[in-house]
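Each remark here refers to the structure printed beneath this line.
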Amino acid sequence: TCPAEKPLQPAPEPSPPELPEPSRPKLPDAVTDNACAEGSPTGLKPGFFPKPAPSKQRVEQLFQRPKSADPAVTKGFLSRPKKSTKKSSSESVVDFYAGTEEQFELQVRGSSNGADLGLYTDRPLAPGDVFLTEPPLLSFRECDIDPEDPRAEELAAVFAKHELRQAGVWMRAVLSYADARRFVQRRIATLYHPDVLEQLHKSPQFARVLDLVKELQRLPWLDGTEEKRLVHMLLTVDHCSTGEQLFNLHTRIQHSCDPNVIWRVGEDGHIAHFACKRIKKGGELFAHCAQPVMFEFSFGMGPTAMRRARVMQARQFFCKCSQCKRRVDPSRPLPCPDCRNTMRCELVMRRTDAGEEGFFRWSCLDDSSAVVEMDVSRRCGKVWTQQMLEGGCDADETGASSEQKKKDMSLLELEQSLVKKVLVELEDSVEPKMNLLSLSELLERSINTLGEGHWATQAVAVACLRDMPDQPEEDRPVSNDRLLHLGERLLRWFALNSKGSIFHARGAALVQSVNKKFGIPMELSDSHLEILNALMLMNQGAKLPELMERSVPEIVLDSDLD
């Protein structure tokens, strides 16, 4: 028999030859000096990161409004998609500031004021924590503008026809805006919520801005700029800039008269934000819209009506923070003309045909906000309106001057004259300081006229604690015991009006310095120490804590965006 034949095996195919790997051009590194990279084929500009790959999204997709049930989130902010994943820490490319809040563990959503967008933290913050640094979208500092720019003369001729207090700032802003890239101009156009724009369009400021823009558009180098965007830019600069720069996420931080965030702009133009209070995860961030002057008496100690007037003058909006929405204003009590007990001040809203209007009234009822324990426990129970108190009162009861003119002044007129004296002559920036004898007389007059619970009286006490302790006791009209007593009353007043605020911490630091000069030990609470250490970071000479490597890059352009 023949042996079984084995099945034939197919011959193996020859393996393909190995091809060399294609050579890939190495991307140039970021330019760090003031000149372009030598021999760079792409011609990178100074400080720019390598150009990223083109985006797969169109401009219309980037600027579409997110679908949300929250009516406040209709701004067009480039929020994070639901199914997106965070980029790894090795990627330093940020697409047109879109989603930059992810890098800082922040969220942009409807603010608690109900009208605009707010910024919320996704992690707990301690006082002094630097949680956000970013470069400006638009910088219009004097050092950023060429003094020999021929367009400046044309702008000066246009602005000379309009009496505007912020003409210098707006002129520089227009020059910077004309030179800005198109994606920056589009980004500025999304910084306002439509409800806020509607409020601003009703203000007298809008009419003046509109007249100015119509003349600006006649300039040849502004002929192609849309009227709506130019008006929008000027209102944005006036409403939410730092005074010389306009930022992206900084504009999302809403105003509060009791802020939990403070900021500082460095010499390079970048802004750094750090907490001045302990903020829980998910808490909203608040800053003061007039931070450079927020420690003036009108902001730090003044009543609600005065704070709102200052905010309206500075930023053209009506403050609705938690401090200003209180019905009872504990900083403006007045003595009752009948029984001399402390009356609490209340803001009452009344509906009319023209809308809601508010008026003040003072109630002589049991008031726990009184700084001084009254000898008379029985309250007369009367309610005094503003018109009733403007009718005049007895000079002997109010402790006013013996001059006949001042005898005929009403209680509210006496209050107005004392408040004007405090604001004009006692601020920290006023030089020269009031002499000590006049300061002592003003203190006694304020106590006798307005009572110790009034903010103007406590402002005079602050001036006494600030100016008098450096002088020997025999050379000043107020003794050491009297100054210590004023310090105790001041701390109680702050605890009743703005407990735990940055103003309370500064008042406690002032009282501690007075006690230290008199050899009396006094320790500040841990919360006050944390706030004071955070406030030190506002000084340009102070060293900021080490920043995390999550700062927004200088500028990262996407080829689809410009």
Task: Total charge dipole magnitude, the range 418-516, about the Cα centre, Cβ charges on Lys, Arg, Asp, Glu only, Debye to nearest 20 - done: 460 debye
Task: When the range 245-288 is reduced to its Cα atoms, the Kirkwood hydrodynamic radius in Å - done: 11.2 Å
Open item on the list: Distance cut-off 32 Å, Cα to Cα: go down the list K280/K320; K325/K421; K325/K433; K228/K277; K214/K420; K277/K517 and report the pairs above it.
Closed with: K325/K433; K228/K277; K214/K420
Task: Residue-span extension gain [N435 to D353] - 0.36 nm each, minus C-alpha spacing - done: 24.4 nm
Task: Computed label-point distance, nm, for sites N533 and R218 using a 7 Å Cα→Cβ extension - done: 6.0 nm
TODO: Could you pull out every residue, at least 5 positions away or on a different chain, whose amide H is within less than 5 Å of the one on L138? Hs are placed 1.01 Å off N in the peptide plane, and Pro or chain starts have none.
DONE: L246
Open item on the list: So if I take the centroid of the Cα atoms in the range 480-500 and the same for the range 287-347, what is the distance between those two points in Å?
Closed with: 19 Å
Task: Sequence-distant residues sharing a close amide H with R361 (under 5 Å, placed H) - done: E346, V348
Task: Approximate spin-label separation F518-E153, in nm, with each point projected 7 Å along Cα-to-Cβ - done: 6.5 nm
Task: Other-chain or far-sequence residues with amide H under 5 Å of G118's (modelled H) - done: R109, G110, S111
Open item on the list: What does the extension gain come out to for N448 and E425, with contour length at 0.36 nm per residue minus their alpha carbon separation?
Closed with: 6.3 nm
TODO: Distance from a point 7 Å along Cα→Cβ of C143 to each backbone N in the range 261-293: keep the residues under 16 Å and list them by number.
DONE: 264-272
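Bear in mind these aren't lab numbers, they're just calculated from the coordinates by the rules spelled out. Since the structure is predicted, the reported quantities are computational estimates derived from the model, not experimental observations. Heads up, the Cβs are rebuilt from the backbone with ideal geometry, glycines too, and the neighbour counts pull from every protein chain shown.
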